[in-house]
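The values are calculated or read from the model by the stated rules, or taken from the named source; none is laboratory data. What you are looking at is a predicted structure, and each value in this text was computed from that prediction instead of being measured. Reconstructed Cβ throughout: ideal geometry from the backbone, glycine too, with neighbour counts over all protein chains shown. Just the protein is used for accessible areas: all its heavy atoms, side chains included, with ligands, DNA and RNA removed. Shrake-Rupley method; radii C 1.70, N 1.55, O 1.52, S 1.80 Å.
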Amino acid sequence: MPDIQEPSIEDGTFTNQLALRKLNRWQWWLLVALSIFFLIVGQSAAVLLGRFYYDQGGNSKWMATLVQTAAFPVLLIPLVLIPSREPSSFSASPPSIKILVLVYFSLGVLIAGDNMLYSVGLLYLSASTYSLICATQLAFNAVFSYFINSQKFTALILNSVVLLSLSAALIGVNDDSEGPSGVSKGKYIIGFLCTLAASALYSLLLSLMQLCFEKVLKRETYSIVLELQIYTALVATCVSVVGLFASGEWKSLHGEMEGFGAGRVSYVMVLAWTAVAWQICSVGVVGLIFVVSSLFSNVISTVSLAVTPIAAVIVFHDKMNGVKVIAMLLALWGFASYIYQNYLDDSKARKTRNGVGESYNNS
């Protein structure tokens with residue numbers, strides 16, 4: 001996502017910055033730390049549980065898609081407990097209901113399609129390989145942000161794109177790569193392409209959401225970000241339920257539960273906790289978007305994708321051959337380039353905000 005924008009009274013961003021300044025430094029860092037914890041733990045746990053579901057006999061791609069958004073009511077808790085208040089003098093005129101419905105529906109359908117691609121990718125790939133490929137979302141994000149959000153394409157960003165692309169290419173051409181439980185080479189390629197496509201679509205979604213905040217919602221408060229997450233997740237959940245029944249996969253769910261390797265109770269618990277884990281991740285994403293920036297939220301999401309392969313080696317004993325290790329190092333190098341550029345942009349934006357804040361106080 002693009003770096004923190006210059007504060008604007010019209011779009012409500014300046015209001016957010018004034019509210020955040022009222023926090024003590026330790027309170028700000030506590031919010032950032034909690035959000036990072038929720039994002040990394042939630043995303044890593046969700047990926048590992050999703051791989052466990054497939055390993056133990058689960059085979060429904062639509063069910064794996066459904067659980068990624070089905071627990072969206074969890075987001076109502078922070079929405080109620082942490083209301084976002086805006087002074088009336090900074091409030092922009094809200095968009096019409098028709099526009100909001102169109103935006104939420106369109107984004108929700110795209111999210112459902114993206115989740116399906118991720119589900120197919122995880123079905124045919126090991127958790128470590130899957131996570132390394134997903135790290136390319138940062139490279140796709142830089143490209144889409146350049147064309148959609150007018151983000152500058154600096155030397156550091158270009159370096160990041162090249163390194164992350166090389167990381168994905170190494171995984172793709174690795175002759176020793178194989179999916180879980182002897183998945184054929186053909187299905188491995190399908191999983192690779194679906195995961196790559198999902199990463200690209202996810203990055204496109206982030207850029208479209210940022211564009212939505214700028215052009216449609218015209219403000220980015222905590223409650224507005226949460227509402228966008230909730231309504232798009234509702235649409236995605238409905239699409240997933242329709243897909244589950246239209247595909248006929250619902251007929252096999254009872255047999256799938258009966259034959260689940262870890263038992264019937266574990267089957268239900270795995271699906272339930274996978275759904276909860278994804279929403280815990282969403283809480284972290286929303287928190288970082290509001291407290292820091294959309295770009296920083298996406299960067300931390302990529303960090304968790306670097307943590308997951310290590311966890312997968314410990315939990316599932318995934319193979320970490322030399323190619324995977326090099327791919328991970330390239331991904332981390334690309335991530336470091338991206339976050340350093342973010343640091344430079346944030347320092348510049350912070351100076352601008354301080355100047356605007358002083359002008360506002362003087363007025």
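So, of the residues in the range 247-277 that are open to solvent by 40 Å² or more (accessible area, probe 1.4 Å) and aromatic (Phe, Trp, Tyr), which turns out to be modelled with the highest pLDDT?
Trp273
Can you find a residue in the range 332-342 that is at pLDDT below 75, of a type outside the set (Lys, Arg) and more than 19 Å from Ala142 (Cα to Cα)?
no
Which is among the polar types (S, T, N, Q), part of a loop (DSSP other than H, G, I, E, B), at pLDDT below 85 and within 25 Å of Ala46 (Cα to Cα), of Ser165, Ser177? Step through it out loud before you land on a result.
Working: Ser165 fails: part of a loop (DSSP other than H, G, I, E, B).
Residue meeting the stated conditions: Ser177.
A quick yes/no check of all residues on (1) buried (at least 20 other Cβ atoms within 10 Å of the Cβ); (2) modelled with pLDDT of 70 or more; (3) within 25 Å of Thr65 (Cβ to Cβ):
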| site | (1), (2), (3) |
| --- | --- |
| Gln279 | yes, yes, yes |
| Ser294 | yes, no, yes |
| Phe316 | no, no, yes |
| Ile326 | no, yes, no |
